[in-house]
Every structure is written in C-alpha cells, then in structure tokens.
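To start, the structure itself, in structure tokens.
What follows is calculated from the coordinates using simple rules that are stated; it is not laboratory data. Computed from a predicted model, the values in this text were never measured in an experiment.
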C-alpha cells in the first residue's frame, strides 16, 4: 500500500452523511457577529439551522415572527444550506430530532465559555450524539451583542455596520415612537 493511500481503507468504510448544525440564540436582533458565526459554520457543516430559542426569562424587543423574518432576510440566497426555525424546549432534543450532529455556540470572552461549557456538558449528558462546537467571534465583532445594539438604538445611536441594513431600519422604526 503506497503512503498516499495509507488511509484509504478507513475512508472507504466511512459513510459521509450530511453534517447538520444548529445555531441557537435569541437573535433579538441578529447582529453581524451572528452572521459571522453562521458564515464560518457553513465552512464546517453542510447545513445550518438557525434556531431562535424561546427564553421566557428574557423580554424580547422583537416578536418571534419578526426575528425569524429578519434572519431569513439575511440569507436569501442560501435556502438550501440555511434554514430558520425556533425551539421552545430542550435545544439538544430539538437538535437530535432534526438530525443535527452539532450545536454551534459563538464565544466572545472567557466569561461566555464558563456558562457555555456547563450547557455543553449537560447537553452531552442528555444526548451523546450531539456535540457542541465553539467558535470564537471574529475580532471585528467581539465587542457587540444584541443587548448593546438595542441600548445604542434606544438612545438614538447609529447601529449601521453592526447589524444588517434591514435590521438597522427595524431598530430605528422601533425606537422612533
């Protein structure tokens, strides 16, 4: 067996299925940081399901329907590789039922990791077939969050370039009254 074919028996035995990831968040609103994580996830996975997580502990600025539509409007050309949905329950159960092999989580700082690590371990205990993949937020977006974006918009600040244009317009409209 030649050196270049040393791994051929393993490759032939492996079945390559579609690799699906779930990228959850409240996306209230979706930011350029979120879009960066989705774009980079598509370099790793065949399909990404962007999933708006219903969190009763948080009071959302935008309705669920508005958030779903804002996300869809960010990726109109990628309908085959990106889908948008919501989950109201255990995320890991949702991921497993959708055939996902991974949950993608974006990290901005070490403090994000502590909480996300706990969630990943609990998810792993519940469903061993679903991994958690952590992606560091691009340096360009490391300082932004949906909460900061809403605060800036609430006080009349400019959010252009930090969120997609259509989201920037929705924020302006939301805080005009």
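Table for the structure above
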{"quantity": "Principal-axis tilt of helix 32-41 within the chain, Cα atoms, nearest 10 degrees", "calculated": "10"}
{"quantity": "Relative contact order of the chain, pairs being alpha-carbon contacts under 8 Å that are 6 or more residues apart, as %", "calculated": "26"}
{"quantity": "Anisotropy class of segment 63-127 from Cα gyration tensor, a/c 1.5 cut", "calculated": "prolate"}
{"quantity": "Crossing angle, helix 64-74 versus the chain [Cα axis fit, 0-90 degrees, rounded to tens]", "calculated": "70"}
{"quantity": "Ellipsoid equivalent to the chain - semi-axes via the Cα gyration tensor, in Å", "calculated": "33, 18, 16"}
{"quantity": "Rounded to 10°, Cα long-axis angle of helix 165-176 versus longest principal axis of the chain", "calculated": "30"}
